[in-house]
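To start, the structure under review is shown below, and the notes come after it.
The values are calculated or read from the model by the stated rules, or taken from the named source; none is laboratory data. None of these values were measured; they are calculated from a predicted model. Don't worry about glycine lacking a Cβ; one is built from the backbone with ideal geometry, like all the others, and counts go over all protein chains shown. What goes into the accessible areas is simple: the full protein's heavy atoms, side chains included, and nothing from ligands, DNA or RNA. Shrake-Rupley method; radii C 1.70, N 1.55, O 1.52, S 1.80 Å.
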Amino acid sequence: METNEQTKNPLLYDSQLFDFVQWMDRACILLDDHGNFVHSNALADKLDPDVLLHIPLFPWKEHMEKRMEKEINGKRYLYIVRKIHFPTLALFHVVIQLKDTLRNDPVLNDVVGYVMDSAQEGIYITDGEGYTLKINDKYSQLTGIARKDVEEKHVSELIIRGFFDSSVTAKVIEAREKQSVMQKINNEKNIWLVTGTPVFDKYHNLILVINTVYDMTKLNELQENLKKHALSIQKKDKEIEKLRSKVKDVPGLVTNSPAMYKVLDRIHRLAHVTTSVFILGETGTGKTMIAEKIHSMSDRKENPFIEVNCAAIPEHLIEAELFGYKKGAFTGASDQGKKGLIEAADGGVFFLDEIGEMPLSLQAKLLSVLQSKRVRRLGDLHDKEVDIRIIAATNKDPEELIRQNKLRADLYYRLSVVTLHLPALRERKEDIYMIAKNFLDKFNQRHRKDMKFSKEVYFAFEFYSWPGNVRELEHIIEQLVVLNDGPEVTGDDLPDIFQPSDSQTNDFSLKMEDRPLQEVVQDVERHYINELWNKYKDIYVIADKLGVHRTTLLRKAKKLKISLKEEANDLVD
């Protein structure tokens, strides 16, 4: 509900002048051009009426300040008179205080001006009554407002003239503490974050309000652009979370690697079908374990899992081992005959590791089994139906094996309905700590020990290339547990392969010679960020790995002259 005064003087409220006057820490009166009373604050209402009768009114130009002292009833008063010009009205703004009131007047000299102009934020300073004292160059640059347009003018006057849509200064004078508002400046569409900070003298009088201005428009535009990516990012996060949850569903597998998340997703999918699978991966990456996981999570888990390493069985025995033989099929054959491994896998999974080592003649027979689901023992005239799922694996490039005539192309294409590529351990270094910890717990339990690894050991593990992959890591950890008395394994206990050679040490020393520390650090940072970029090609993932915000990574990349163009452009499109 509007007061009578608000109805009579809406300009006081539209300009926020009412608030400025009401919350000042000195007595204040507003008079019109003819000296008629317009408004006063509570402090002025408490003054002796004679003090109000002696208010001096002067004709002057623009916003010049007049000061006068006068003794009234034995007390000496100071009158500070300024004029506020609205388009339709001019008001005298009169501040009254006892002459001996303890108060420091603010001093904004040239030094203060130099400091303000060196700041990167826009700065706008008023006194404790709301009169503009000073703005810096950055404020003018940001808002397009010149010093001559605002300095020495009251903020309420500037609100009516369209320089601002509201005032944070009025809020600071009322609250006497820091305040922030979103503000439109200079009648533009730009939105600014303005923060006002009060400054008090030693007598606790509010003498200055320092406003800092930040352009929120560009930030808002960036947020809008980022919203375009929000759905895809959320979708990606959900997929990652889904894959992480699947890690828990695959016993014995631990990972925090995006590459392995894809493998785990495929394991889940493959567990519910009977499709042939071809697993590719270097020696020691865990091809057998993955095949076992597919079997253990499938409907065939209660039936046999038969593993055959084609490189471990002599060529003259492999056919009989795989296909079996009938009684008397060849010299030395068992009188009872023998069921082959393919037949033994009936209802389950038949895993062929290092399939490139299988003779080509047997590869043709294996293809026939795949196509017909029937197997014939050596020396037999009849086929036997078998229900098997074949999973094959190799540590070599199958295309190269085909070119070398070591793998039949038709068999490969029949087996590789789905291909699983297992990343080398050096490509999933984020998993090394977890895998090592699992192996350490396993061998501590097996050998009844309670060994621990120092941070130095885990650090060495991270930087080793692991040509033997997970299997090599497993063997190294068991060796460390068995050969050390503990309680802690340190870097000195590691095998020689983890110790740099003299030549490596010398080479490193030569590279470091006569180079500033900052240059060396930048080289390390540049190398590491490039390595992550080549691996992931995703700025969000890289920032997460480094533990920094994406914008910090972009600034660092720019400083180090690293090109992350693909993702950087996506970020601001």
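What the table shows:
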| read-out | value |
| --- | --- |
| Tabulated pairs, region 336-361, first not assigned by the TED database to the domain that holds A320, second open to solvent by 50 Å² or more (accessible area, probe 1.4 Å) and not in a loop (DSSP other than H, G, I, E, B), C-beta under 7 angstrom, 6+ apart or interchain | none |
| Residues of region 455-477 that turn out to be modelled with pLDDT of 90 or more and more than 19 Å from G284 (Cβ to Cβ), as a count | 0 |
| Only listed residue being open to solvent by less than 30 Å² (accessible area, probe 1.4 Å) and within 19 Å of T490 (Cβ to Cβ), chosen from N444, N469 | N444 |
| Qualifying positions in region 79-100 - among the hydroxyl-bearing types (S, T, Y) and at pLDDT 90 or above | Y79 |
| Any hit, region 61-83, residues being touching a residue at least 40 places away in the same chain (Cβ under 8 Å), of a type in the set (V, I, T) and touching a Phe, Trp or Tyr at 6+ places or on another chain (Cβ under 8 Å) | no |
| Residue check, V263 among the β-branched types (V, I, T) and either without any contact (Cβ under 8 Å) to a residue 24 or more places away in the chain or not assigned by the TED database to the domain that holds I388 (or both) | no |
| Check on S454, open to solvent by 10 Å² or more (accessible area, probe 1.4 Å), more than 27 Å from N395 (Cβ to Cβ), within 33 Å of the chain's Cα centre (by Cα) and not aromatic (F, W, Y) | yes |
| Test: K153 is closer than 22 Å to V112 by Cα and open to solvent by 60 Å² or more (accessible area, probe 1.4 Å) | no |
| Region 378-393: number of residues that are surrounded by fewer than 17 Cβ atoms within 10 Å (Cβ to Cβ) and touching a Lys or Arg at 6+ places or on another chain (Cβ under 8 Å) | 7 |
| Matching entry among V181, V209 (being in the same structural domain as A146 (by the TED database), modelled with pLDDT of 95 or more and either touching a helix residue (DSSP H, G or I) at 6+ places or on another chain (Cβ under 6 Å) or more than 18 Å from K153 (Cα to Cα) (or both)) | V209 |
| Hits in region 260-284 - residues which are over 18 Å from I388 (Cα atoms), of a type in the set (S, T, Y) and at pLDDT 90 or above | T283 |
| Residue satisfying all of: in region 495-528; over 35 Å from the mean Cα position of the chain (by Cα) and modelled with pLDDT of 75 or more; least open to solvent (accessible area, probe 1.4 Å) among these | P495 |
| Residue satisfying all of: in region 529-542; under 17 Å from P258 (Cβ atoms), part of a helix (DSSP H, G or I) and of a type outside the set (A, V, I, L, M); nearest to the chain's Cα centre (by Cα) among these | Y540 |
| Neighbours by Cβ (under 8 Å, 6+ apart or cross-chain): first from region 95-122, among the aliphatic types (A, V, I, L, M); second loosely packed, with under 11 Cβ neighbours inside 10 Å and outside any helix (DSSP H, G or I) | L102/Y203 |
| Failed criterion for E69 (all others in (1) within 57 Å of the chain's Cα centre (by Cα); (2) farther than 23 Å from I160 by Cα hold) | (1) |
| Any hit, region 478-494, residues being at pLDDT below 90, open to solvent by 70 Å² or more (accessible area, probe 1.4 Å) and in a loop (DSSP other than H, G, I, E, B) | yes |
| Condition check for I123: β-branched (V, I, T) and open to solvent by less than 10 Å² (accessible area, probe 1.4 Å) | no |
| Cross-chain or 6+ apart pairs with Cβ under 6 Å, region 427-449 first and among the aromatic types (F, W, Y), then open to solvent by less than 70 Å² (accessible area, probe 1.4 Å) and in a helix (DSSP H, G or I) | Y433/Y458; F439/E474; F439/I477; F443/E478; F443/V481 |
| Some residue of region 375-392 being among the acidic types (D, E), in contact with a strand residue (DSSP E or B) (Cβ under 7 Å, 6 or more places away or on another chain) and not in a helix (DSSP H, G or I) | yes |
| Residue satisfying all of: in region 394-419; buried (at least 18 other Cβ atoms within 10 Å of the Cβ) and in contact with a Phe, Trp or Tyr (Cβ under 7 Å, 6 or more places away or on another chain); farthest from G281 (Cα to Cα) among these | L415 |
